[in-house]
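Notes follow the structure.
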Amino acid sequence: MNFKKTVSMLMAGILTLSAMSVSASAASLGQSDLTPIVAAEQPGVTDKTPRQLNIHMGDDASTSVNITYTTAADCESVITVKKQGSADAPLTFQGTSDFGQANKCFHAIAITGLEPGTTYEYTVGEGSDTKIGKFKTAPEKGSTDTFKFAYIADTQVSNASNAKALGATLAEVNKIEGLDFVYLAGDTTDTATNENQWEWLFNNDGAFPTGGEDMFSNNTVAVVQGNHDNNTLNRHINAPAQAGNIVYSFDYGPAKFIMLNLEAAKNDSDARAKQEELLRAQVAEAKSNGQWTLVGFHKSLYTGASHITDSDVTAARKFWGPIFAELDVDVVMQGHDHVYSRGFVNADGTKADRVVDENGKVKNPENAPLYMVGGHAGGLKWYSKKNYTVSAGDPLTAGYAFLDVNSTDGKDGKAGSDVLQEQVIVEIEMSNDSFTLNTYMFKYDTNTDTITTPKYLYDTLTVTRDVMEADLTGSEEVVLENGDTAAYNISVSNFKNTNVFQAEVTYDANVLEFVSAESKLDGTIFTRSNESEGKVSLLIGTNKLITSTDPTNIITFNFKVKETASVSDTVVNLSKISTAQARIDEATGEVNDASVVNPNAGERSVVTGIYSYKIASDINRDGIVNLADLSIALANYQSTVKPSCDIDRSGVVDTADFIIIADYMAG
């Protein structure tokens, strides 16, 4: 027995009564930040089968994940990983382990160096005591690929009965086609330090006994802390800690997710300040990269049920609500109130005006986040609406008037969610210019262990936005002998209140020689170019703020073909494009701030063909232009199907082609 185990066994007896006291306290408070009780390996226990295994986003969701699991007996923390379906040898990663509550051995393994946007399969454990599964990494940063995630709130297992309902929900999540990851909006269990509840989270005695185990071991998850959780999640789930425990952000394709811990922030001004700093920095980065911004936390600031005016909720709403609106956060994903609700909410708590197109799609309103509460994934409890009074200084409107959908109201003649008591799953599919949410409900009866109301679509919403985009166009062909100039134009669309643009292109300096760069914008009062070998940029400024939804020509770069260039294709690339969007004070009309925005580049490259009359005139390709070549061309006079004889590419073989051939004839 090693030293760690010896100390654990000595401490076990001393701490048994303390453990009972801490668990009772945590149960009464619903949340605890206490370090888990140290336990010891039990003599004679040999089961090393991995249980309660889950995969959480790592610090870089594109290249890393955090694996946690438990075993009954002590064993090595090791995992082998390889790309799904690959015949390559797997990679091996090792982690750490020690004993914790319920005499379990807790294992933690950080997997790094993975490839973005890749599905991996893994094996955990030793010998026959193994567990297999799969997970997927986030796309490479800068990707605009469409993705889909599931949003479930308040799994909140408290006993063996409601664990069965949750098992049904998680089994449904595991069936979702094309699912990339799962977001859990807090209250993972009802009492964080109750290990029975963690057991029930993964396995239950209902019709879907392995629903939790299957979902957690085959999907990457992202979690937040709820008021029934503690800030270690009892060591079962290992979330990043970028600004305090369970506070982190990650990029996923065209979106950035920022996960806050309002439980840690509510009574700690330093923790709140760190989270605000992270939020502001990450949103600014997302806006500059043209990404959607989604914020996740547990206690709902805007909701459709009875926690709406709880004192800590009101305090959080007063602080965070105006900030989310100011930063123009797109979506706020909440839990806590065991209701499904959504609404676009202004900084003052009123319902935002929305533009709806002929297909029912909603244009994303500015400075009015879509606040959502994701219902209840389990079977513990459902909350109702209440009559409430809005206190002074609270950015809230009476009667839940800020909401567009509230499941407590019922729908299509049915009773409200507090009566029907159904399980809820939200699926969200995001692309660069829109996202669609589909909310499903069903009813699992824990008495009969059957689904009494099959899964049905309760709500759907598509939100669109105008994406700032840049395109590069240019010369498709230049003729070597003519001294042609190759021009490349950069256009930008869907920009607002902009007076600064900067673009850079790269090119083959062996083929092209930079001539000039010019602004195409009226009112240009400042330009500066910067040239180095194979790269040139232009910075321009205008005397007015410009707004345009249509593609607008911004810059033209001009090059000439070098006499030494060979006849082939050359490529010019749009390597960088940036703008600055001004923020205007509504009261004064003056610019009070600006932010850098990097448009999404559509067509980034132009291929230009270098053409030579002299080389084309050698029709028979014998290395010399002579009478034989002219003879072939004459024999095809007026032909429109002999491109080899159409030297000037006019579409027909004619006298102009004969003249060019004659000019290059030898001797």
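The values are calculated or read from the model by the stated rules, or taken from the named source; none is laboratory data. From a predicted model like this one, the values you see are computed outputs, not experimental measurements. Every residue, glycine as well, gets a Cβ built from its backbone with ideal geometry; the counts of neighbours run over all protein chains shown. Ligands, DNA and RNA are excluded from the accessible area calculation, which covers all protein heavy atoms including side chains. Shrake-Rupley method; radii C 1.70, N 1.55, O 1.52, S 1.80 Å.
Scanning the stretch 493-532 for residues that are charged (D, E, K, R) and more than 16 Å from residue 560 (Cβ to Cβ) returns 496, 504, 520, 522, 528.
Counting the residues of the stretch 402-429 that are touching a residue at least 40 places away in the same chain (Cβ under 8 Å), of a type in the set (Val, Ile, Thr) and outside any strand (DSSP E or B) gives 1.
Note on the stretch 463-479: residues that are open to solvent by 60 Å² or more (accessible area, probe 1.4 Å) and either part of a strand (DSSP E or B) or touching a Cys at 6+ places or on another chain (Cβ under 8 Å) (or both) amount to 3.
Of 319, 344, all but one fail to be within 26 Å of residue 222 (Cβ to Cβ) and either in contact (Cβ under 8 Å) with a residue 60 or more places away in the chain or open to solvent by less than 10 Å² (accessible area, probe 1.4 Å) (or both); the exception is 344. For the stretch 567-601, filtering for residues that are loosely packed, with under 15 Cβ neighbours inside 10 Å, under 26 Å from the mean Cα position of the chain (by Cα) and not hydroxyl-bearing (Ser, Thr, Tyr) leaves 1.
In the condition set (1) at positive phi; (2) open to solvent by 30 Å² or more (accessible area, probe 1.4 Å); (3) in a loop (DSSP other than H, G, I, E, B); (4) among the small types (Gly, Ala, Ser), residue 399 is compliant with all but (3).
With respect to residue 595, determine if the residue is closer than 30 Å to residue 326 by Cα and not acidic (Asp, Glu). Spell out the reasoning first.
On the way: closer than 30 Å to residue 326 by Cα: yes; not acidic (Asp, Glu): yes.
In short, yes.
Among the residues making up the stretch 625-648, those that are surrounded by fewer than 17 Cβ atoms within 10 Å (Cβ to Cβ), in contact (Cβ under 8 Å) with a residue 12 or more places away in the chain and closer than 22 Å to residue 482 by Cβ are 644, 648.
Among residues of the stretch 439-459 that are without any contact (Cβ under 8 Å) to a residue 60 or more places away in the chain, those with a Cβ under 8 angstrom from a residue that is in a strand (DSSP E or B) and open to solvent by 60 Å² or more (accessible area, probe 1.4 Å), sequence gap 6+ or separate chain, pair up as 443/451; 443/452; 445/451; 445/452. Evaluation of residue 62 against the conditions (1) open to solvent by less than 10 Å² (accessible area, probe 1.4 Å); (2) closer than 22 Å to residue 201 by Cβ; (3) small (Gly, Ala, Ser) shows that the sole unmet condition is (2). Looking across 559, 526, one residue alone is open to solvent by 30 Å² or more (accessible area, probe 1.4 Å), at negative phi and assigned to a strand (DSSP E or B). It is 526.
Within the stretch 204-221, is even one residue under 23 Å from residue 101 (Cβ atoms) and within 17 Å of the chain's Cα centre (by Cα)? Checking the stretch 204-221: at least one residue is under 23 Å from residue 101 (Cβ atoms) and within 17 Å of the chain's Cα centre (by Cα).
From the list 460, 448, 452, 436, the one residue that fits, being under 27 Å from the mean Cα position of the chain (by Cα), among the β-branched types (Val, Ile, Thr), open to solvent by 60 Å² or more (accessible area, probe 1.4 Å) and at pLDDT 95 or above, is 460. Counted as qualifying within the stretch 110-181 are the strands (runs of 3 or more DSSP E) with 2 or more residues that are open to solvent by 10 Å² or more (accessible area, probe 1.4 Å), at pLDDT 95 or above and touching an Asp or Glu at 6+ places or on another chain (Cβ under 7 Å), namely 129-136. Across the stretch 336-395, what is the number of residues that are in contact with an Asp or Glu (Cβ under 8 Å, 6 or more places away or on another chain), of a type in the set (Asp, Glu) and under 18 Å from residue 409 (Cα atoms)? Within the stretch 336-395, residues that are in contact with an Asp or Glu (Cβ under 8 Å, 6 or more places away or on another chain), of a type in the set (Asp, Glu) and under 18 Å from residue 409 (Cα atoms) number 0.
Residues checked against (1) among the aliphatic types (A, V, I, L, M); (2) over 27 Å from residue 527 (Cβ atoms):
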{"residue": "557", "(1), (2)": "no, no"}
{"residue": "569", "(1), (2)": "no, yes"}
{"residue": "577", "(1), (2)": "yes, no"}
{"residue": "588", "(1), (2)": "no, yes"}
{"residue": "593", "(1), (2)": "no, no"}
{"residue": "598", "(1), (2)": "no, no"}
{"residue": "614", "(1), (2)": "no, yes"}
{"residue": "617", "(1), (2)": "no, yes"}
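Scanning the stretch 623-667 for residues that are farther than 25 Å from residue 478 by Cβ and of a type in the set (Ser, Thr, Tyr) gives 631, 637, 639.
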